[in-house]
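Here's the structure, in structure tokens; my notes come after.
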Amino acid sequence: MKKWIVMGLAAVLAPLCPAAGESTEHADPVARLEATQAAALVGSPGLRAHRAELRAAAAESRFDAVSGSPYVEWQSEGLSGSGRQANGADYLRVGTPFNLPGQIGPAKTLVRNAAEWELAAHRVASLSTVTDASRRWLALAAAVELEALSSARVERLDSALEMQRKRFELGEIAGSEVRQIDLERITEIARLTERESRRNAAETALSELCGDQWLAARRGDLAALVAASTTPVAADLGGDELAAGPLVDQLERDAELARSEAALVAATAWGRAEIEAEWERIPAFEGLPSYDAWGFRVSVPLPIGAAGHRQREQARARADQAEAEAEAAKRRLQRAVEDAATDAAGAQAKLASLEPALAELSFVDRMLSEQFRLGAISYLAYIDGLSRFDRVVEEAINARLALLQARLDLAVLFGDSNAFPLTYANSGEEN
């Protein structure tokens, strides 16, 4: 009896006690989760590639706002194979394109909006990577819990099989009863092997994203994270709160950038102005003295021609497309909020229904084991009791995982680390 009491206490306290040699910080599941998120921000090659892509896109938009590069041109005439002709002249030209007054404002606006878009895009890219890391970490935490559940069941079946073999040796039971326990043990060992593979796969997925700097999940982490996070109340799920989140902000930046690009195209559809200064050297010829001369040239495009009109139409259509896509995406995000809130409510209700059974699990486990040891129940009743015991625990694990995933979705949508721990702000959103 003492053995089962000790085992029950160990099972209850194991999730609460840090492993040997483990620091107090690393014993905190929130700290380990946030350390894994930070490792993903630093170690994800996909994030680095995406950030480079964003910088390139922003640079391309800023390039469109630039009028062009200055140039210098040298022209020398009268050259031939036998030497230079007496009337050969030299010309030096220096010029540059420039934005007209009606083009300067749209160009500055585009540069400003491109910088704001890049900052918002970097933030969302970091948030996306943190979300991916969190999902993989939660999957690992659930896999660890399920593996531990199967491991504990195998240990109980090992003890039960040993008892049955002793009873068989004493002639108290038939050999078929020993075989039935052994078959159940073999089945559970196969399940344990499968769950070990899932845990290994979850660890591999984290290593792929974060490198080797992520921190492992432990037994009890899901329950601890449920206690450390919270589901936003229904009043906080409205459109205003969603509009303040990073995802909607990114959509608005997308549309604003598209409008800025359309405005610049409208202003520059027929081209940009150009100014040029020219110095020319005319040589002495037939008694006429040589002389130097200066000249100036200004080129201003005329707002006529079908090509410019077609460009403006195309730019307006793209701006309208961006605004419509942003509106559609906002509606999808609002539906995602409702779906996540529904999932969270369902998972919380399921956990609440399981709480009475969870509170008695340690006692029921010890009672079944002791009754089987004393021969008060058959092996069939014992196996059935263990199966019911494990189903309740497994349901609780899955419910906690579903609740945390829903809270993660809500935290991402609202940019709210109170709903779920998130580490993504100020994480390398370089320009």
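Nothing in this text is a laboratory measurement; each read-out follows from the coordinates by a stated rule. If you're wondering where the values come from, they're calculated on a predicted model, not measured in any experiment. Here Cβ is always computed from backbone atoms with ideal geometry, including for glycine, and neighbour counts include all displayed protein chains.
According to the Cα-based calculation, Rg over Rh for the stretch 190-292 is 1.51, with Rh computed by the Kirkwood formula. Here the convex hull built on the C-alpha positions of the stretch 56-132 has a volume of 117 cubic angstrom per residue. Principal axis extents of the C-alpha atoms in the stretch 94-208 (largest first, rounded to whole Å): 109, 22, 16.
Partner aspartates and glutamates whose Cα lies under 20 Å from the Cα of Lys350, excluding those fewer than 8 positions away in the same chain, are identified as Glu145, Asp221, Glu338, Asp339, Glu360, Asp390, Glu394, Glu395, Asp409.
By the Cα gyration tensor, the stretch 101-166 has an equivalent ellipsoid whose semi-axes, rounded to whole angstrom, run 64, 4, 4 from largest to smallest. Distances between placed amide hydrogens fall under 5 Å for Ala273 paired with Phe98, Leu100, all partners being 5 or more residues away or on another chain.
For the stretch 244-326, the convex hull drawn through the C-alpha positions has a volume of 129 cubic angstrom per residue.
Determine, for Thr109, Thr231, the number of other Cβ atoms within 10 Å of each Cβ, and report the residues in order from fewest to most.
Taking fewest neighbouring Cβ atoms as first place, the list is Thr109, Thr231.
Here Lys108 is the anchor, and the aspartates and glutamates within straight C-alpha reach of less than 15 Å, apart from those fewer than 8 places off in the same chain, are Glu60, Asp64, Glu116, Glu256, Glu261.
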